[in-house]
Amino acid sequence: MEFKSCIHGENIVKKYKNFELNIPSVDIPRGFATALIGENGAGKSTLLDILAGIRLDYKGNLRFFDKFNDRDRETNPEVKNRIGYEGTGNYYLPSWTIRQGRDIQSLLFDSFDEAKYRDICKKLDVPDDDNKKIAELSDGNNMKLKLAGVFARKTDVLLLDEPASPLDPLMRDKLCEMIREYLLLDEGNKSVLFSTHNIADMEAVTDYAIIVENGTVVESGFTEELKEKYIIVKGEKKDEEAAAKVLYTISSNNYGFEGMALSENISGLSGLDVVTETPTLSQICVAVMKHNSKLYTGSIL
Amino acid sequence: MKDLIKAYTTFSPKLYNILVVLAGTPILALLGLYVGFVSESLMITMIILLCALILVDVYGDFFVFQGIFSKQYEFGILRNSVKGEKILKLALVGDMIKRLLMYFVVLFCGRCFDRCFAG
């Protein structure tokens, strides 16, 4: 499926002491919600920080909204004002109160709508105490506050780092709803990129997925395309050895096996007594991550 | 000017501004008057007042811009706006002006009383 990119990145390299982010090419489709998926330390936050301009010590080329580069992002207010970013960790100063957090946003962002911010905070049930320190809020309320800030601005793309992690299931559902509402604004010109570990909870809102492992993109595509590309295979113990040659990933127990195969290789399983199923995005992500992970996949205990 | 005041108040806690700026300055000014009254030397008056002001500044540094210089703080929200650097600069200028005014008021009180006493 062809699409227009709201952010395009090429040859993005960021080196740390024991880790290197090296992405030859990445596209964030315009008008869709994109999930950035990967295990801990895969490079998701680093990539988001680079796209948002939080980190500037990287190599590579970025293109925003088809016409601006990363230098424009830092010098042209038009570009940065169109990017909404919510980061993990110390996004606000630890000593700031809720009032100070609100004041700084009205100072920093021209399009910050204070009335809308208050309204979102109220609807998300954020504590209504201006003098309470943000650092003293629970992780969930802290995230709600950050989300209220980013949704109360006029932006064209949202970059959200682990927005679902500290939220309860009900609030995760609400977040999916908010993302869907945001995408409907401005005739499909808004885009959202969020990193997540909670693939199952966010699957309902994920149109496009980018899977990052060991600092590079190992798989990307629209959810429906990925569901056609991969297939779940289940079979009996007697066929395990033959199926293992075709399967992308496999796990087994005393009774049988279950694994993921590329649909194009399914003919290799002909003659075996197997059942196939369409995978969920969560199952695809786990299989791709498992296939590319440095994590030991055998028995640990 | 409006932005400068707003930027400064955003980075400095309300309690700090009430205790140190609004209450601390008159207290230090009174100290200046007292030291000026009991001391026979202008230099001693000024040294004592400067020491008191430095102590207040150390306390102020702890509260204003708290945590901004820590390695963990990556200026997240400030880097997300083209105005981030400007607002931080304004807040720092606001803090400098506040300190200058505090020093001026306190040292002026000490100096005035010393002159009155000497005269």
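None of the figures in this text is laboratory data; all of them are computed from the coordinates on show. This one's a predicted model, so the numbers in the text were calculated from it and none came from an experiment. When we count neighbours, we look across all protein chains shown, and the Cβ atoms used for this are built from the backbone with ideal geometry, even at glycine.
Once the Cα atoms are used to define both axes, helix A:114-123 deviates from the longest principal axis of chain A by about 50 degrees. All other residues whose Cβ lies under 13 angstrom from that of residue A:265 are scored, Lys and Arg at +1 and Asp and Glu at -1, for a net of +1.
Could you give the angle, 0 to 90 degrees to the nearest 10, between helix A:98-108's Cα long axis and the longest principal axis of the Cα atoms of chain A? That works out to roughly 90 degrees. The amide H of residue A:6, built 1.01 Å from its N in the peptide plane, has A:28, A:30 as neighbours under 5 Å, considering only residues 5 or more places off or on other chains. With the biggest extent put first, the Cα atoms of region A:40-196 measure 42, 34, 32 Å across the principal axes. With contacts taken as Cα pairs under 8 Å at a separation of at least 6 residues, chain A carries a relative contact order of 20 percent.
Here the Karplus curve 6.51 cos²θ - 1.76 cosθ + 1.60, taken at θ = phi - 60°, turns the phi angles of region B:55-62 into couplings of 4, 5, 5, 4, 4, x, 4, 5 Hz, with x standing for Gly and Pro. With θ taken as phi - 60° and the Karplus curve 6.51 cos²θ - 1.76 cosθ + 1.60 applied, the whole-hertz 3J(HN,Hα) list for region A:283-289 is 5, 5, 4, 4, 5, 5, 5 Hz, x standing for glycine and proline. Inter-label distance, residue B:15 to residue B:85: 3.5 nm, where each label sits 7 Å from its Cα along the C-beta direction. Take each residue in B:82-93, count the other chain C-beta atoms within 10 Å of its C-beta, and the mean is 3. Shielding by partners for peptide B:19-28, expressed as the average number of C-beta atoms from other protein chains within 10 Å of each residue's C-beta, is 0.
Got a sec? Charge dipole of region A:67-186, +1 on Cβ for Lys and Arg, -1 for Asp and Glu; which of A:68, A:88, A:124 is way out at the positive end? In region A:67-186, that residue is A:68. In percent, what relative contact order does region A:139-262 have, based on Cα pairs under 8 Å that are 6 or more apart in sequence? Once divided by the residue count of region A:139-262, the mean separation gives 17 percent. In terms of the mean number of neighbouring beta-carbon atoms within 10 Å, the peptides B:14-20, A:3-9, A:31-37, A:100-106 order highest first as A:31-37, A:100-106, A:3-9, B:14-20.
Per residue of peptide B:9-17, the mean number of Cβ atoms on other chains within 10 Å of the residue Cβ is 4. Charge tally around residue A:30: other residues with Cβ under 15 Å, Lys/Arg +1 each, Asp/Glu -1 each, net -2. Computed over the Cα atoms of chain A, pair by distinct pair, the Kirkwood hydrodynamic radius stands at 20.8 angstrom.
The C-alpha atoms of region B:22-61 occupy a region whose extents along the principal axes are 32, 17, 8 Å, arranged from largest to smallest. Decide, for region A:84-130, between rounded, prolate and oblate: order the square roots of the alpha carbon gyration tensor eigenvalues as a ≥ b ≥ c, take rounded if a/c falls under 1.5, and otherwise choose prolate if a/b is larger than b/c, else oblate. Because its axes are fairly even, with a/c under 1.5, region A:84-130 counts as rounded.
For region A:46-94, the extents of the C-alpha atoms along the principal axes are 36, 23, 15 Å, listed from largest to smallest. Amide H contacts of residue A:249: A:260, each under 5 Å away and 5 or more positions distant or on a separate chain (H built 1.01 Å from N in the peptide plane; Pro and chain starts excluded).
Net charge in the neighbourhood of residue A:124 (other residues with Cβ under 10 Å of its Cβ; Lys, Arg +1, Asp, Glu -1) is +2.
Applying the Karplus relation 6.51 cos²θ - 1.76 cosθ + 1.60 with θ = phi - 60° to region A:199-209 yields 3J(HN,Hα) values of 4, 4, 5, 9, 4, 4, 10, 8, 8, 9, 10 Hz, where x marks Gly and Pro.
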